[in-house]
Amino acid sequence: MDVLNLGMVGGGTVGSGVFHALQQNGELLACRIGVRIQVRKVAVKAVDEPRPYPIPRRLLTTDWRQVVEDPEVHMVTELVGGTTVARQIVETALRLGKPVITANKALLSAHGPELFRKAERHGTNLYFEASVCGGIPIIKALREGFVGNRIRALYGIVNGTCNYILTRMARDRAGFDAVLKEAQREGYAETPPDLDIDGHDAQHKTGILASLAHGIWIPPSKIRVEGIRSVSPLDLEFASQLGYTIKLLGIVKELGSADATDGETPLQVSVYPALIPSRHVLAGVQGVFNAVFVRGDVVGETLFYGQGAGKDATASAVLSDLADAALDLRFGSPRRRPAFVRQPNRVRVVPMDEVVSRSFVRLSVVDRPGVLARIAAVFGQAGIGIASVIQPEGHTGEIVPLILMLHEAPDGAVRRALGRIGRLPVVKAPPVRFRVESLD
Ligand code: HSE
């Protein structure tokens with residue numbers, strides 16, 4: 001059988017997972033694609049570092065150039081992460097005309113357009129299924145499965161760490177800090193955890209999905225991001241009473257049809273914790289699991305669910321890319337159309353201040369006659385309607401929670417009104433606000 005040699009850069013958690021999966025299912029893969037993929041060398045940080053699956057010593061080197069520049073290596077995996085050395089590795093391989101398979105969403109987010117151009121210039125390709133939602137084949141679904149659809153809306157639970165923390169907070173009524181510490185102890189959250197809990201990992205992934213769905217490169221600077229630090233057990237409890245669950249969502253949503261003057265469709269691309277109806281299928285996604293809900297204009301509603309991270313789920317995505325790269329090398333289209341092609345229906349990312357949504361607001365206020373009237377007056381002056389108000393019984397003392405559900409209003413107007421409310425002397429803590437996504 002035809003053999004292609006693989007050079008691997010990165011032999012840690014994901015890298016050794018890929019090596020192991022190739023050992024386990026290499027035969028099956030070869031049978032299915034008609035090409036055998038053989039690991040020729042693996043570059044690692046240190047030969048003796050502990051790794052979840054062993055890699056034979058004879059394959060190891062600490063010099064990535066020995067792997068990438070080896071003329072016998074036909075394709076390269078970049079599984080080291082980061083954006084500096086990883087960029088050099090990817091660029092070097094592409095310059096040599098070798099297809100690269102990466103799981104590195106931060107690298108794509110920072111340098112995607114240049115890397116894809118470079119791949120095209122050198123007649124090769126960059127494959128990135130593992131960069132978004134680990135084992136869920138969402139990149140392939142958007143590129144291939146939905147090639148005949150306009151993507152009207154995509155909602156993703158794309159960060160397992162945040163979903164785990166929110167699930168535990170809701171289940172155990174525990175505070176954010178305590179759950180985060182426990183998640184770190186149990187290995188579900190990184191130390192430091194900022195990239196995940198401040199929403200940047202989800203921002204990178206959402207940007208990649210939005211770019212694929214709409215054919216323009218959407219840089220992180222255009223994606224509003226808010227993490228989950230501001231979510232408290234009280235918010236989860238009140239949301240639940242109102243029939244909602246709070247999830248960190250990556251949102252890519254058409255906000256209307258193409259503008260008659262410039263022909264561009266307004267698009268929302270953002271990441272924030274949102275209230276979603278508890279009866280919606282996404283609300284049932286628990287723990288470290290990821291899910292992406294996609295609405296296409298032809299297909300209707302679809303849902304993809306699975307492990308978003310971890311050595312084995314990510315290895316599954318890398319193997320899928322290896323198969324594509326091998327087939328492209330052997331039979332065909334190394335110049336397969338690039339991932340981010342301009343589409344006839346152009347989109348314009350709408351600034352968040354203009355995006356209209358409903359809101360859940362939690363205020364900590366002095367329990368005194370007239371307080372509600374003063375707050376309602378600020379919303380009234382801003383033209384923002386109040387849909388319902390809860391001041392729960394049983395909270396005694398000077399400061400009590402006040403929950404308001406607001407009707408649809410532009411984000412900027414809500415932000416400014418809450419700024420004014422936060423400065424009222426009767427409001428004793430910064431207002432907490434989450435948007436409500438009905439997902440329809
Ligand atoms: N840290 C990510 C998560 C996985 O928690 O989902 C890698 O993207």
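Based on Cα coordinates alone, diagonalise the gyration tensor for segment 4-154, multiply each eigenvalue by 5, take square roots, and list the semi-axes in whole Å, largest first.
After scaling each eigenvalue by five and taking roots: 25, 19, 16 Å.
Order the peptides 99-109, 135-145 from the highest to the lowest mean number of other Cβ atoms within 10 Å of their residues.
Result, highest mean first: 99-109, 135-145.
As a test question: what accessible area, to the nearest 10 Å², does Cys31 have when a 1.4 Å probe is rolled over all protein chains in place?
Approximately 110 Å² of Cys31 is accessible to the 1.4 Å probe.
Per residue of the chain, what 222 nm ellipticity follows from adding -39500 (n - 2.57) for every DSSP H run with n ≥ 4, rounded to the nearest 500?
Theoretical 222 nm ellipticity from helices: -10500 deg cm²/dmol.
Per q in 0.07, 0.10 1/Å, what log10 I(q)/I(0) does a Debye calculation on the alpha-carbon atoms of the chain return?
Log-scaled intensity ratios, in q order: -0.39, -0.75.
Using the 2.2 N^0.38 Å rule of thumb for compact globular proteins, work out how segment 354-440 stacks up: its C-alpha Rg over that value, please.
For segment 354-440, the normalised Cα radius of gyration comes out at 1.05.
State, as an integer percentage, the relative contact order of the chain based on alpha-carbon contacts under 8 Å between residues 6 or more apart.
16
For the chain, what is the percent of antiparallel DSSP beta bridges, rounded to the nearest 5?
Percent antiparallel among DSSP bridges in the chain is about 65.
What does the convex hull of the Cα atoms of segment 98-220 come to per residue, in Å³, rounded to a whole number?
Dividing the Cα hull volume of segment 98-220 by its residues yields 127 Å³.
How big is the charge dipole of the chain about its Cα centre, in debye rounded to the nearest 20, if each Lys and Arg gets +1 on its Cβ and each Asp and Glu gets -1 on its Cβ?
Charge dipole, the chain, about its Cα centre: 460 debye, nearest 20.
Could you give the distance between the Cα centres of segment 175-249 and segment 421-440, to the whole Å?
Each part's Cα centre sits 18 Å from the other's.
Given Lys45/Lys222; Lys105/Lys253; Lys45/Lys311, which pairs have Cα atoms separated by over 29 Å?
Lys45/Lys222
If you filter segment 332-440 for GluC sites (Glu not before Pro), then keep DSSP loop positions with at most 10 other Cβ within 10 Å, what is left?
Answer by residue number: Glu393, Glu398.
Hey, can you grab everything whose amide H is under 5 Å from the amide H of Glu226? Only 5+ residues off in sequence or another chain; H modelled, so Pro and N-termini drop out.
So Glu226 has HN proximity to Val271, Tyr272.
Report, in degrees rounded to the nearest 10, the 0 to 90 angle that the Cα long axis of helix 105-121 makes with the longest principal axis of the chain.
With rounding to tens, the tilt is 40 degrees.
What's the Cα-based Rg to Rh of segment 139-308, Rh via Kirkwood?
0.99
Going by average Cβ neighbours within 10 Å, how do the peptides 240-250, 196-206, 181-191, 414-424 rank, with the highest at the top?
For the peptides 240-250, 196-206, 181-191, 414-424, the packing ranking is 196-206, 240-250, 414-424, 181-191.
Lys247: which lysines have alpha carbons under 18 Å from its alpha carbon, excluding same-chain residues fewer than 8 sequence positions away?
The qualifying lysines are Lys205.
Reachable lysines from Lys118, Cα under 16 Å, same-chain residues fewer than 8 places away excluded?
Lys118 reaches Lys98.
Ranked by accessible surface with a 1.4 Å probe, highest first, in what order do Glu237, Glu120 come?
Sorted by accessible area, descending: Glu120, Glu237.
Rounded, prolate or oblate: which fits segment 127-171, taking a ≥ b ≥ c as square roots of the Cα gyration tensor eigenvalues, rounded meaning a/c under 1.5, else prolate when a/b beats b/c?
oblate
Order these peptides, 209-221, 41-53, by their mean beta-carbon neighbour count within 10 angstrom, highest first.
Highest mean packing first, the order is 209-221, 41-53.
How large is ³J(HN,Hα) for each residue in segment 221-232, as worked out from phi by the Karplus curve 6.51 cos²θ - 1.76 cosθ + 1.60 (θ = phi - 60°), to whole Hz, x for Gly and Pro?
Each residue's phi maps through the Karplus curve to give 4, 8, 10, 5, 10, 9, x, 10, 4, 7, 7, 10 Hz.
The values are calculated or read from the model by the stated rules, or taken from the named source; none is laboratory data. Since we're looking at a predicted model, the values are computed, not measured. We place every Cβ from the backbone using ideal geometry, glycine too, and count neighbours over all the protein chains shown. Just the protein is used for accessible areas: all its heavy atoms, side chains included, with ligands, DNA and RNA removed. Shrake-Rupley method; radii C 1.70, N 1.55, O 1.52, S 1.80 Å.
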